[in-house]
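The values are calculated or read from the model by the stated rules, or taken from the named source; none is laboratory data. Computed from a prediction, not measured in an experiment: that's the story for all the values here. No Cβ is skipped: glycine too gets one built from the backbone with ideal geometry, and neighbour counts run over all protein chains shown.
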Amino acid sequence: MKLNKQTYNNVAVVEMHGELESDVVERFENTISETIADSPGGIVLDMHAVEFIDSVGLESLIWARDYCNDNRCGLRIAGLGDNGRKILEITRLRDEFDAYDNLAEAVKSFA
């Protein structure tokens, strides 16, 4: 998985490419921790290019949500594809995340 960080209007955007699975969870969680330390205004996970999420990756998303809440930093998900939406619906986690269709809407939600 490739992770790229950018900042838009004091909101950190973590662009994710590939598969969110057990092999990359540690790097993902380190990226979230570093991003909160650098930019506590809010984080958007741009997941438009995430092809697959396994159970460990799903746990990592929950960890990211909880870690952001504990550090008073909002977390949004943008561009989640059909597979990702289906996974969140099946696991009944859809309402646990603030999800937006695209990156612009997610970033604007912090205004």
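Conditions tested, residue by residue: (1) modelled with pLDDT of 95 or more; (2) touching a Ser or Thr at 6+ places or on another chain (Cβ under 6 Å); (3) β-branched (Val, Ile, Thr).
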residue	(1), (2), (3)
Leu45	yes, no, no
Ile53	no, no, yes
Trp63	yes, no, no
Leu75	yes, no, no
Ile90	no, no, yes
Leu93	no, no, no
Phe97	no, no, no
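In the range 41-59, is there at least one residue being aliphatic (A, V, I, L, M), surrounded by 19 or more Cβ atoms within 10 Å (Cβ to Cβ) and in a helix (DSSP H, G or I)? No, the range 41-59 has no match at all. As a summary of the residue check, Asn10 satisfies the conditions (1) in contact with a strand residue (DSSP E or B) (Cβ under 9 Å, 6 or more places away or on another chain); (2) exposed (fewer than 13 other Cβ atoms within 10 Å of the Cβ); (3) among the polar types (S, T, N, Q) except for the one numbered (1).
Conditions (1) out of contact with any strand residue (DSSP E or B) (no Cβ under 6 Å at 6 or more places or on another chain); (2) in contact (Cβ under 8 Å) with a residue 40 or more places away in the chain; (3) assigned to a helix (DSSP H, G or I); (4) surrounded by 14 or more Cβ atoms within 10 Å (Cβ to Cβ), marked per residue:
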{"residue": "Ser22", "(1), (2), (3), (4)": "yes, no, no, no"}
{"residue": "Glu29", "(1), (2), (3), (4)": "yes, no, yes, yes"}
{"residue": "Leu61", "(1), (2), (3), (4)": "yes, yes, yes, yes"}
{"residue": "Leu80", "(1), (2), (3), (4)": "no, no, no, yes"}
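Filter the range 6-20 for residues that are assigned to a strand (DSSP E or B) and farther than 14 Å from Ala78 by Cβ; which is modelled with the lowest pLDDT? Only one residue tops the list, namely Thr7. Could you check the range 99-111 and list, in sequence order, the residues that are among the small types (Gly, Ala, Ser) and modelled with pLDDT of 90 or more? Selection gives Ala99, Ala104, Ala106, Ser109.
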